[in-house]
Each structure stands twice: as structure tokens, then as C-alpha cells.
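Here the structure is laid out as C-alpha cells; the discussion comes afterwards.
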Amino acid sequence: GQNIDQPTEMTATEGAIVQINCTYQTSGFNGLFWYQQHAGEAPTFLSYNVLDGLEEKGRFSSFLSRSKGYSYLLLKELQMKDSASYLCAVRGNANDYKLSFGAGTTVTVRA
Amino acid sequence: DVKVTQSSRYLVKRTGEKVFLECVQDMDHENMFWYRQDPGLGLRLIYFSYDVKMKEKGDIPEGYSVSREKKERFSLILESTSTNQTSMYLCASSFGTGHSPLHFGNGTRLTVT
């Protein structure tokens, strides 16, 4: 089975940094994805990690440690528009088409 | 940009009615998926399809069926709705496996009364 855990909610101030952690226990591993979902909208793809280390994309970075079953999404220079849910998802095996998702972390950015 | 279009944004149905949720993608993706999203539970996979006329059960297929007669279209069928099927239904598509992300539609909010 797949078990993917992330915090339910986080609050941070505009301009600050927030780190969203994700731990996973899955039968097989072939990549971890982060998605952003604004209220009432579709999830949109943010990042992909399959090897250990940090991937940076502008204000957003994602880190993976396969040995620890752990990832985080780092949001820097927070803006009000970053208020959203952030979803961690894992692809289990090389031939796996589907993703298994965590329950999501709702981030609220305060002025 | 990939476009995944779901036919309805909001639906209200009575218990026992039959419901078709339609999804169309325009990027020639092989894979299509139906998830439902509920507070505190996240996205749970109902069914997916990796080719025309092929379908695989996801984690929660009970009470649902699917149809994929054409590559671009994937339908979710609720034969006889029940109140526990009130949810947000999200369709997605992707190309291949590996690093290919899922691209989602805007969702259908189904309420069963």
C-alpha cells in the first residue's frame, strides 16, 4: 500500500519562507511530484524529483531523500497568491501510470 | 498547453440516479484518470486507462465504472448514485510514465441528495 503524510495546515507571513514536509512509505518508488491547488481550481504541476537532492525553480524548490522516504517543498519570498493547497504525490514503480497523493497542506499567507 | 475539459462544473442528483461524467483531453495522451477529492482524504484514484478500451481499477472503484472508446475521451459512470458519492471529481491525463506529470481538469462538484 501507499502511505503519504504531510501537515494539514501552515500559516506564514508575506515575504517569509515556508517548508512543507512530505514523508512516504510506498511499495516501490519512481518519482515524487508536488502540485499546487488554489481553492476551486485544478491542481497544477510544480516539481518532480526522482534522484536525491534539491531541484530549484524560481521561488520554489523541492528536495528528496529516498533513503529517508522524505521530501519537502520550499516556498521563498511568499506572496499572497501562494495561499493554496500543496499536494505531495508519489509514483510507485517504473511502469506505474498512476500517482498516489497525500491529503494536502493548506498554506495561508498573511499580510 | 494541455487542456483537460470536464463536461460539468456542478451537478446535483437524487439518490439512485445514473450519472455520466465526461472528460476530454486535447494532447493525445495515452493515460487518463478519474480521482475523487474529499477534505482530509486527498485525491483517491477511482479508475484509470492506459489505452483505448483498456481500464484498470484504482483504490476505490466500488460503485463506479468507466468507458474509453476514443483516446481523447474518458467517461466515469455512476450507475446508481448514493449520498456517499457526493464529492469533487477530477479527471487527469498524462503521457507515458516516469517523469510525466498528470494534467488535471477543473473538476465536477457532484452533490447527491
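A few notes on this one:
- Mean separation of Cα pairs under 8 Å and 6 or more residues apart, divided by the residue count, gives the range B:1-94 a relative contact order of 35 percent.
- Phi angles across the range A:62-68 convert, under the Karplus curve 6.51 cos²θ - 1.76 cosθ + 1.60 with θ = phi - 60°, into 3J(HN,Hα) values of 9, 10, 9, 10, 5, 5, 9 Hz, Gly and Pro given as x.
- For the range A:24-55, residues shielded by at least 50 square angstrom of accessible area compared with the chain on its own, probe 1.4 Å: A:A42, A:P43
- Chains B and A together bury some 1700 Å² of accessible area, summed over both sides, with a 1.4 Å probe.
- Taking 25 °C and 0.890 mPa s as conditions, the protein assembly as shown diffuses translationally at an estimated 137 µm²/s according to Stokes-Einstein applied to its Kirkwood radius (Cα pairs).
- 1.4 Å probe accessible area per residue over the range B:48-113, in Å²: 46
- Placing a label point 7 Å from the Cα of A:Q79 along the Cα-to-Cβ direction, the residues of the range A:5-24 with a backbone N closer than 14 Å are A:14-16.
- log₁₀ of I(q)/I(0) at q = 0.10, 0.15, 0.17, 0.21 Å⁻¹ - chain A, Debye sum with one point per alpha carbon: -0.26, -0.59, -0.75, -1.11
- With all protein chains modelled, accessible area of A:K57 [1.4 Å, Å²]: 120
- Integer Hz, Karplus 6.51/-1.76/1.60 couplings in order for the range B:58-67, x for Gly and Pro: x, 7, 9, x, 4, x, 10, 9, 9, 9
- Carbon plus sulfur fraction of accessible area for the protein assembly as shown, probe 1.4 Å, in percent: 49
- For the range B:57-113, projected area of the alpha-carbon convex hull averaged over all directions, nm²: 4.8
- GNM result for chain B, Cα springs below 10 Å: residue of B:Y47, B:Y64, B:Y89 fluctuating most strongly: B:Y64
- A 1.4 Å probe run over the protein chains yields, for chain A, 47 Å² of accessible area per residue, whole-number rounding.
- Across the options B:T86, B:S65, B:Q6, the greatest Cα extent toward the positive end of the charge dipole of chain B (unit charges at beta carbon of Lys, Arg, Asp, Glu) belongs to B:T86.
- Gain upon complete extension [B:K70, B:S82; 0.36 nm per residue less C-alpha separation]: 1.5 nm
- The mean number of partner chain beta-carbon atoms within 10 angstrom of a residue's beta-carbon across peptide B:54-61 is 1.
- When each of A:K68/A:K98; B:K13/B:K71; A:K57/B:K71; A:K57/A:K81; A:K76/A:K98; A:K68/B:K55 is checked by Cα-Cα distance, pairs over 26 Å: B:K13/B:K71; A:K57/B:K71; A:K76/A:K98; A:K68/B:K55
- Neighbour net charge for A:M80 - beta-carbon separation under 15 angstrom, K R +1, D E -1: +1
- With a Förster radius of 30 Å applied to the beta-carbon distance between A:E41 and B:K18, the computed FRET efficiency rounds to 0.60.
The values are calculated or read from the model by the stated rules, or taken from the named source; none is laboratory data. What you see is a predicted model, and the numbers here were worked out from it, not measured in a lab. For neighbour counting, all protein chains shown are included, and Cβ atoms are generated from backbone atoms with ideal geometry for every residue, glycine included. Keep in mind that these areas ignore ligands, DNA and RNA; they rest on the heavy atoms of the full protein, side chains included. Shrake-Rupley method; radii C 1.70, N 1.55, O 1.52, S 1.80 Å.
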